[in-house]
Amino acid sequence: EDQLLLLLESLERKIVSQQLNLVANLLECDKVKRKGTFLVDARLLFPGEEEQMLTIALVELSGVQFQEDGSVIPRDKPFEAMAALFVALYALNILSGSQI
């Protein structure tokens, strides 16, 4: 339920496509590394603090933890939850008429 509210707020702020890119990047890193810590492409994070906090909260509900240094630590096999978040963001992005 919390994640749905965050998705709705993301849609209202028009940041779904950026979040989709971030989640795609996280899934790719997870696929390559499969365990351990990895760095996130800093260009995918948001310059606005509110958007960044919203995105971090949304993604952390899917099983990864952001560190202050820009690294991400997967928790408890987050691949399935991240994949579901990717699908939800992808559908919202299409329905909102945004371009990827």
Roughly speaking, what is the stretch gain from Ala84 to Leu45, that is 0.36 nm per residue apart minus the C-alpha to C-alpha distance, in nm to one decimal?
12.0 nm
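Using 0.36 nm per residue, how much length does the chain from Gln65 to Gln52 gain when fully extended, once their Cα-Cα distance is taken away?
Details: separation 13, 0.36 × 13 = 4.68 nm, distance 1.36 nm.
Full extension from Gln65 to Gln52 adds 3.3 nm.
Computed from the coordinates by the stated procedures, all read-outs in this text should not be read as laboratory data. The structure displayed is predicted, hence computed values, not measured ones.
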